[in-house]
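A.B. asks: After the structure tokens below, expect a handful of questions from me.
The values are calculated or read from the model by the stated rules, or taken from the named source; none is laboratory data. The model shown is predicted, which means the values in this text are computed figures rather than measured ones. Methodologically, a virtual Cβ is constructed for each residue, glycine included, from the backbone with ideal geometry; neighbour enumeration extends over all protein chains shown.
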Amino acid sequence: MTPPRLPEPVRRRVVKVAAERLGAMAPEDVPPPLRPFQRFTPARRRQVVLPLATALETDEAFRTAVADGVREALPDLVAALEAGRDMAAVDPDDVAAVAYLIRSPGWEDVVAAAAEREAHARSSTEAAAASRSVAAAARSAEASLSAVTARADAAQERLARAAEDVERERRRAREAGERARAAEARVAGLEAELASLRAAVEAAESGAAEAQRRASARQAELEDALDRVRRDSRESREAADVRTWLLLDTLARAVSGLRQELSPGPPSRRPADFVVPASGADPAGVGWLAVDEPGAIDVLLGLPQAHLIVDGYNVTKTGFPDLPLEDQRGRLISGLGALGARTGAEVTCVFDGAQVQPRVATSGGAARRVRVVFSPPGEIADEVIKRLVRAEPAGRVVVVCTADQEVVADTTRAGARIVTPAALLARLARA
């Protein structure tokens, strides 16, 4: 089972403990990937996060050695964990790190609880920050709008009073012409001020509209998230429909081919012969035999909707192990692309390692017919191949090329045919 994901605080503590233990281990006990880092200073070893975390997940001996160091350093905490006692006084992240290393009873639940606490704290912090930002923006916009509105109202009142003054001065125009002109100039200035205030009101309204736009954008993001969830559900249904179509198409073509090519003659046996076999007859074997003849591969891949799944490094280490890994992949993919183009079969090639190996370039026309898959972190190519076979509908022709007996046993139980790497390499050499 894949270990639960470690939250970042727990991961830092685990890597720190592993780095300290690495410096104290005998060189012959150190896993090969970590030997270059053993000579580092303690501070530099703690910076080698990914190799140490990977070794703890994949190398049981190294994890046990680190756990032994924890047992020596923290005997009380280890004893409490193994006894299942409550440790409220100890930092929960320290408890989760020790539980992960010593594999105490229920350690998966302890690590999962730490991850849940980290996710909850991060979500609470982000939500609080977003709420404070929105509230501050709303208060600022509301205050600005209120201030501008008050100034506009005051200016409107002053304009009304100025208009009254103008009327009075106009009635006295003959006696006070200069006073009327001054009042008119004052009205013009107030009108300019009003225009400026109106522009400020429009700017405030624009700010409010921008806040509304951001709110609408956030709503659109949430709606997009909902659409993605719905789309994922549709894709799951589509995958089921694709498997059904492949099965029906395979069955239809197989029946059509049998009708056109086979013309069975009168049977030489009767139902009773199948109940009581003839003397000396060998009972039928069970399961699929591995195909080790290159010519038989074309027959299998020529069947309707055939799917060839290749254990990449299992084949390349058999055929050309002296080449660099990148050249091994390129040579195999090129040959599989030509084979897929010739037979019309679907071809999938699976390699180990999603992070440590570069992707295979598929610029050639034939190579584009090959689906190249790298196993995800924490999983080997064998498991990917088993999942690919189980994903196919019952009745489809699935051909697996591997020499791994565990993969052979698992995939043949799921209905796959087996081709040996030697047969596939001989077939590719003929192309």
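A.B. asks: Quick check on the range 165-202: of everything there that is surrounded by fewer than 13 Cβ atoms within 10 Å (Cβ to Cβ) and of a type in the set (Asp, Glu), which residue is nearest to Ser140 (Cα to Cα)?
C.D. replies: Glu202
A.B. asks: Separate question: Looking at the range 134-172, which of its residues are among the polar types (S, T, N, Q) and without any contact (Cβ under 8 Å) to a residue 40 or more places away in the chain? I'd like the intermediate steps shown before the answer.
C.D. replies: Filtering the range 134-172 for residues among the polar types (S, T, N, Q) gives 140, 144, 146, 149, 156.
Listed by number, the residues that qualify are Ser140, Ser146, Gln156.
A.B. asks: With the requirement that a residue be among the small types (Gly, Ala, Ser) and either surrounded by 17 or more Cβ atoms within 10 Å (Cβ to Cβ) or touching a Lys or Arg at 6+ places or on another chain (Cβ under 7 Å) (or both), what does the range 291-333 give you? Spell out the reasoning first.
C.D. replies: Initial filter on the range 291-333 (among the small types (Gly, Ala, Ser)): 295-296, 302, 306, 312, 319, 330.
Ala306, Gly312, Gly319, Gly330 - these are the residues of the range 291-333 that are among the small types (Gly, Ala, Ser) and either surrounded by 17 or more Cβ atoms within 10 Å (Cβ to Cβ) or touching a Lys or Arg at 6+ places or on another chain (Cβ under 7 Å) (or both).
A.B. asks: Further, regarding this structure: Would you mind listing the helices (runs of 4 or more DSSP H) fully within the range 25-123 where at least 1 residues are outside the structural domain of Ile380 (by TED's automatic domain parsing) and under 14 Å from Arg13 (Cα atoms)?
C.D. replies: Working: elements: 35-38, 42-45, 49-58, 60-73, 75-83, 92-102.
Helices (runs of 4 or more DSSP H) meeting the threshold: 42-45, 49-58, 60-73, 92-102.
A.B. asks: Is it true that some residue in the range 361-369 is within 20 Å of Val400 (Cβ to Cβ), in contact with a helix residue (DSSP H, G or I) (Cβ under 7 Å, 6 or more places away or on another chain) and either in a loop (DSSP other than H, G, I, E, B) or modelled with pLDDT of 95 or more (or both)?
C.D. replies: Going through the range 361-369, the residues within 20 Å of Val400 (Cβ to Cβ) turn out to be 369.
Now drop any that are not in contact with a helix residue (DSSP H, G or I) (Cβ under 7 Å, 6 or more places away or on another chain), which leaves 369.
Imposing the further condition that a residue be either in a loop (DSSP other than H, G, I, E, B) or modelled with pLDDT of 95 or more (or both) reduces the set to none.
There is no residue in the range 361-369 that is within 20 Å of Val400 (Cβ to Cβ), in contact with a helix residue (DSSP H, G or I) (Cβ under 7 Å, 6 or more places away or on another chain) and either in a loop (DSSP other than H, G, I, E, B) or modelled with pLDDT of 95 or more (or both).
A.B. asks: Sticking with this structure for a sec: Looking only at residues in the range 1-24 that are assigned to a loop (DSSP other than H, G, I, E, B) and surrounded by fewer than 20 Cβ atoms within 10 Å (Cβ to Cβ), which one is modelled with the highest pLDDT? Show your work before the answer.
C.D. replies: Of the residues in the range 1-24, the ones assigned to a loop (DSSP other than H, G, I, E, B) are 1-7.
In the following step, the residues that additionally are surrounded by fewer than 20 Cβ atoms within 10 Å (Cβ to Cβ) were identified as 1-5.
Details: Met1: 49, Thr2: 57, Pro3: 61, Pro4: 67, Arg5: 71.
Of everything passing the filter in the range 1-24, Arg5 is modelled with the highest pLDDT.
A.B. asks: Right, next: Report yes if Ser146 is surrounded by 11 or more Cβ atoms within 10 Å (Cβ to Cβ) and hydroxyl-bearing (Ser, Thr, Tyr), otherwise no.
C.D. replies: Values: surrounded by 11 or more Cβ atoms within 10 Å (Cβ to Cβ): yes; hydroxyl-bearing (Ser, Thr, Tyr): yes.
Taking the combined requirement at face value, the residue satisfies it.
A.B. asks: Further question on the same structure: Output the number of the condition that Ser131 fails; it satisfies all remaining conditions of (1) free of Cβ contacts under 8 Å to residues at least 40 places away in the same chain; (2) over 28 Å from Ser206 (Cβ atoms).
C.D. replies: So the condition that Ser131 fails would be (2).
A.B. asks: Hey, among the residues in the range 389-411 that are farther than 22 Å from Gly330 by Cα and aliphatic (A, V, I, L, M), which one's surrounded by the most Cβ atoms within 10 Å (Cβ to Cβ)?
C.D. replies: Here the residue is Val398.
A.B. asks: Let me ask something else about it. Just to be sure before I move on: is Ala129 in the same structural domain as Val201 (by TED's automatic domain parsing) and not basic (Lys, Arg) in the structure I sent?
C.D. replies: Details: in the same structural domain as Val201 (by TED's automatic domain parsing): no; not basic (Lys, Arg): yes.
No, not satisfied.
A.B. asks: Is there any pair linking a residue in the range 385-399 that is touching a residue at least 24 places away in the same chain (Cβ under 8 Å) and more than 16 Å from Cys349 (Cα to Cα) to one that is hydroxyl-bearing (Ser, Thr, Tyr) and surrounded by fewer than 19 Cβ atoms within 10 Å (Cβ to Cβ), with Cβ under 9 Å and at least six apart or on different chains, and which?
C.D. replies: Pro393/Thr244
A.B. asks: Can you tell me which condition Ala73 does not meet? The list is (1) of a type in the set (A, V, I, L, M, F, W, C); (2) surrounded by fewer than 18 Cβ atoms within 10 Å (Cβ to Cβ); (3) touching a residue at least 60 places away in the same chain (Cβ under 8 Å), and all the others hold.
C.D. replies: (3)
A.B. asks: So which pairs qualify, if the first residue must be in the range 180-195 and without any contact (Cβ under 8 Å) to a residue 40 or more places away in the chain, the second must be surrounded by 11 or more Cβ atoms within 10 Å (Cβ to Cβ) and not in a helix (DSSP H, G or I), the Cβ gap must be under 8 Å, and the two must be at least 6 apart or on different chains?
C.D. replies: Correct list of pairs: Ala180/Arg172; Ala180/Ala173.
A.B. asks: Hey, could you check the range 103-118 for residues that are free of Cβ contacts under 8 Å to residues at least 60 places away in the same chain and not hydroxyl-bearing (Ser, Thr, Tyr) and say which is nearest to Thr64 (Cα to Cα)? I'd like the intermediate steps shown before the answer.
C.D. replies: Taking the range 103-118 as the starting set, the residues that turn out to be free of Cβ contacts under 8 Å to residues at least 60 places away in the same chain are 103-107, 109-110, 113, 116.
In the following step, the residues that additionally are not hydroxyl-bearing (Ser, Thr, Tyr) were identified as 103, 105-107, 109-110, 113, 116.
Numbers: Arg103: 9, Pro105: 15, Gly106: 17, Trp107: 15, Asp109: 20, Val110: 19, Ala113: 23, Glu116: 26 Å.
This residue is Arg103.
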